[in-house]
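The values are calculated or read from the model by the stated rules, or taken from the named source; none is laboratory data. No experiment lies behind these values; they were computed from the predicted model shown. As a convention, Cβ positions derive from the backbone with ideal geometry for all residues, glycine included, and neighbour counts pool all protein chains shown. All accessible areas refer to the heavy atoms of the entire protein, side chains included, with ligands and DNA or RNA removed. Shrake-Rupley method; radii C 1.70, N 1.55, O 1.52, S 1.80 Å.
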Amino acid sequence: IDLPDSVEQIGRRSFSARGITTIKIPKGVTSLPDKVFMATCLKHIDIPDNVTSIGDESFVGCKYLESVVLHKYITYFSL
């Protein structure tokens, strides 16, 4: 999924239980809500440096997830 640059917010559970394997997070998004990627087919995700917080259980049930790249600007991240 390649979200347009005009996206500034992503809703809770927006992608949960969907078959997405990749996603590009736009520069306007500064936080990822709870359970946003729960039970997806993501294999790898690179969280851009504009994102400063990642909500609870964002990656729960992501059994194919191999890596998550975080940047130094993350102030909150909960598994």
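Of note:
- Magnitude of the charge dipole, the chain, Cβ model with Lys/Arg +1 and Asp/Glu -1, debye to 20: 180
- Each residue of the stretch 26-38 is assigned a 3J(HN,Hα), and the resulting list reads x, 4, x, 7, 10, 8, 10, x, 3, 6, 4, 10, 3 Hz, derived from the Karplus form 6.51 cos²θ - 1.76 cosθ + 1.60 (θ = phi - 60°), x at Gly and Pro.
- The chain - accessible surface per residue (Å², probe 1.4 Å): 60
- Shape category assigned to the stretch 2-43 from the gyration tensor of Cα positions, a/c cut at 1.5: oblate
- Among (i) 13.7, 37; (ii) 11.2, 30; (iii) 13.3, 51, the entry derived from the coordinates for Rg and Dmax of the Cα atoms in Å: (ii)
- As a fraction of the 1.4 Å probe accessible area of the stretch 1-50, surface on carbon and sulfur atoms comes out at 47 percent.
- Bridging of residue 27 to lysines at a Cα separation below 17 Å is possible for 72, once same-chain residues fewer than 8 apart are set aside.
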